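One structure is given below, encoded as structure tokens.
The values are calculated or read from the model by the stated rules, or taken from the named source; none is laboratory data. Only a predicted model underlies this, so the values are computations on that prediction, with no experimental measurement involved. Positions of Cβ are backbone-derived with ideal geometry, glycine not excepted, and every protein chain shown enters the neighbour counts. Ligands, DNA and RNA are stripped out before the accessible areas are found, and what is left, the full protein with its side chains, is counted by its heavy atoms. Shrake-Rupley method; radii C 1.70, N 1.55, O 1.52, S 1.80 Å.
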Amino acid sequence: MQRMAKSISLVEKERAVRRIQTISLKSIHDFFFEEGFEQLLPIILSPITDPLGPDPSSSVIKTGEIEYQGQKLQLTQSMILHKQIAIGMGIDKLFIISPNVRLEEARQQETGIHAFEFSQVDFEIKEATMEEIFELMEKLLNQIISKVKQMAKEELKLLERDLFQFITPFPRYTSHELENKYGSDWEKLASEEAKTPFFVTCHKREFYDKLDRSIEGEHYLNYDLYYPEGFLEALSGAIREHEYEHIRSRIEKDGLNIKTYEKFLERAKNGKIHSSAGGGFGVERLVRFLTGVDHISEVQVFERIPGRKVEV
Ligand code: ASN
């Protein structure tokens, strides 16, 4: 957010954004509670975190790390591996709102959707199917929109933002289909053209996203949800790899250090990682979409924008 003298209308607009964020967070909590999820608290230090790669679209420079009592601990990039471990502990439906630190390249400030520290709503369900996750997200997004429309009429008017319920099911495409249609910039072009959110399946991604072994070639049982009107990516998720041999070979194939994931692999070997599916969506990106503001920095009270100096 701007730190110079602010006009009344800017102050009002910022307040409207914060109110819509507050309503969204309440409605996310209510939704997961009503759907029978258990809420876990986040952790921000662990010997393991989401490696965020090798995802061709990832632009994270390095993983944040600190040393404490002779142990190297990584800053959470996402709670994915802990979600899988928690499912293995017998927590069948869970969600966590967690801070994610992703040290992005400075050029990412131009996308409008990248912050190097943000909050992610991460959820996971034991033995869920992709369709179950899609339906859950459709219901959640429409429920948030309905609450915001109901409780923030004045704020939406001030922000000149029209929100409406989306028809479900949202369209589903494969990444290959969209790449054929729009070329390599398909994410941007498809989101700009869309009038409704849409799911895109099959992205080359991290070792924990399950490979579709029922068909020839490299296909993944994963998905992203995109916002319409050019608001870009909302959520990513997948059905997870849960068998020891598969996880191990995927980690090796990705050129990651097996030793780092030793304990995780041990759990998988002992049958403590189960089949699950889930996803995660950024709170700030959601609020940006709901409020229609241009840049994610307009949503963060304490902005964390790649390449910009942290003031406070
Ligand atoms: N939260 C995502 C998931 O559940 C992972 C991520 O944020 N990279 O798959």
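Annotations for the structure displayed:
- Accessible area per residue (1.4 Å probe, heavy atoms of protein chains only) ranks 184, 78, 236 as 184, 236, 78, with the largest value leading.
- Grouping the Cα pair distances of segment 71-221 into 10 Å bins from zero gives a pair-distance distribution of 8, 25, 41, 22, 4, 0 percent in increasing distance order.
- Over segment 67-207, relative contact order from alpha-carbon pairs under 8 Å, at least 6 apart, %: 17
- Scaled against the 2.2 N^0.38 Å expected of a compact globular protein of N residues, the Cα radius of gyration of the chain reads 1.00.
- With distances taken between every two different alpha-carbon atoms, segment 93-175 has a Kirkwood hydrodynamic radius of 15.9 Å.
- Segment 187-312, accessible surface, carbon-and-sulfur percent (1.4 angstrom probe): 49
- Contact order for the chain, expressed relative to its length and based on alpha carbon pairs under 8 Å spaced 6+ residues apart, stands at 23 percent.
- Cα lying deepest toward the dipole's positive end in segment 1-91, options 7, 71, 53, charges on Cβ: 7
- In the assembled protein chains, residue 188 presents an accessible area of approximately 90 Å² (probe radius 1.4 Å).
- Here residue 299 sits with roughly 10 square angstrom of accessible surface, probe radius 1.4 Å.
- Where chymotrypsin sites (Phe, Trp or Tyr not before Pro) in DSSP loops with at most 13 other Cβ within 10 Å are excluded, longest remaining stretch of the chain: 1-163
- Solvent exposure ordering (accessible area, 1.4 Å, most first) of 294, 122: 294, 122
- For a label point 7 Å along the Cα-to-beta-carbon line of residue 45, residues of segment 108-124 with backbone N under 20 Å: 117-118
- Within a straight-line Cα-Cα reach of under 23 Å, residue 153 can be paired with the following lysines, leaving aside sequence neighbours fewer than 8 residues apart in one chain: 13, 26, 139, 195.
- Centroid-to-centroid separation of segment 198-246 and segment 142-195 [C-alpha atoms, Å]: 20
- Hits among lysines - C-alpha to C-alpha of residue 253 under 21 Å, sequence gap 8 or more where chains match: 62, 204, 210, 263, 269
- For segment 152-255, convex hull of alpha carbons as volume per residue, Å³: 145
- Two numbers describe the Cα atoms of segment 201-284: Rg and Dmax, which are 14.4, 46 Å.
- Note on surface exposure: 216, 241, 132 rank 216, 132, 241 by accessible area, highest first, 1.4 Å probe.
- Segment 48-108 and segment 292-312: distance between their alpha carbon centers, rounded to Å: 21
- Put simply, segment 1-138 fits an ellipsoid with semi-axes of 28, 24, 15 Å; these come from the alpha carbon gyration tensor as the roots of five times its eigenvalues, largest first.
- With DNA, RNA and ligands ignored, accessible area of residue 130 (1.4 Å probe; Å², nearest 10): 40
- Measuring nothing but how far apart in sequence close Cα pairs (under 8 Å, 6+ apart) lie, relative to its length, segment 188-312 scores a relative contact order of 20 percent.
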